[in-house]
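Written out below as structure tokens is the structure these notes cover.
The values are calculated or read from the model by the stated rules, or taken from the named source; none is laboratory data. Bear in mind the structure is a predicted one, so any value in this text is a computation, not a measurement. When we count neighbours, we look across all protein chains shown, and the Cβ atoms used for this are built from the backbone with ideal geometry, even at glycine.
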Amino acid sequence: MEQSPLQFLSEEESADINAALLDSSEKFLTRLTISSWRLLGIIAQDTNTSIEELTPKQIIAWFEQDGKIRREQGKDAATLKW
């Protein structure tokens, strides 16, 4: 199943997590971890670095920039849609 670059968790992955022998808090953490890993990939690509080399300052700066885009250009222009 091919997924959109901005889809952080596919329906298939979500179903796999639901089927896993995990309690609800473990399932939540699994969803969060997979989604975060995907977001780190986007941040790494946007900053021309590898995920392994990302620093907390780069991640914070990326969130600041994405927030600025959301405020100035609207939700649809930002990477994160919330």
**Asked** Residues in the range 51-60 that are surrounded by 14 or more Cβ atoms within 10 Å (Cβ to Cβ) and farther than 21 Å from L9 by Cα: how many?
**Response** 2
**Request:** For residues that are among the hydrophobic types (A, V, I, L, M, F, W, C), assigned to a helix (DSSP H, G or I) and surrounded by 13 or more Cβ atoms within 10 Å (Cβ to Cβ), tally how many sit in the range 14-28.
**Result:** 1
**Asked** Among the residues of the range 34-67, how many are in a helix (DSSP H, G or I) and hydroxyl-bearing (S, T, Y)?
**Response** 2
**Those residues of the range 1-37 which are without any contact (Cβ under 8 Å) to a residue 60 or more places away in the chain, closer than 21 Å to A78 by Cα and among the hydrophobic types (A, V, I, L, M, F, W, C), in sequence order** = F8, L9, L32, I34, W37
**Request:** Among the residues of the range 73-82, write down those that are touching a Phe, Trp or Tyr at 6+ places or on another chain (Cβ under 9 Å) and assigned to a helix (DSSP H, G or I).
**Result:** K75
**Item:** Residue in the range 38-50 that is surrounded by the most Cβ atoms within 10 Å (Cβ to Cβ), counting only those that are without any contact (Cβ under 8 Å) to a residue 12 or more places away in the chain and within 13 Å of the chain's Cα centre (by Cα)
**Value:** A44
**Request:** Just one of (1) assigned to a helix (DSSP H, G or I); (2) at pLDDT 95 or above; (3) surrounded by 10 or more Cβ atoms within 10 Å (Cβ to Cβ); (4) not small (G, A, S) trips up R70, so point out which.
**Result:** (2)
**Request:** Please verify whether the range 65-82 includes one or more residues that are touching a residue at least 60 places away in the same chain (Cβ under 8 Å), among the basic types (K, R) and within 18 Å of L6 (Cβ to Cβ).
**Result:** yes
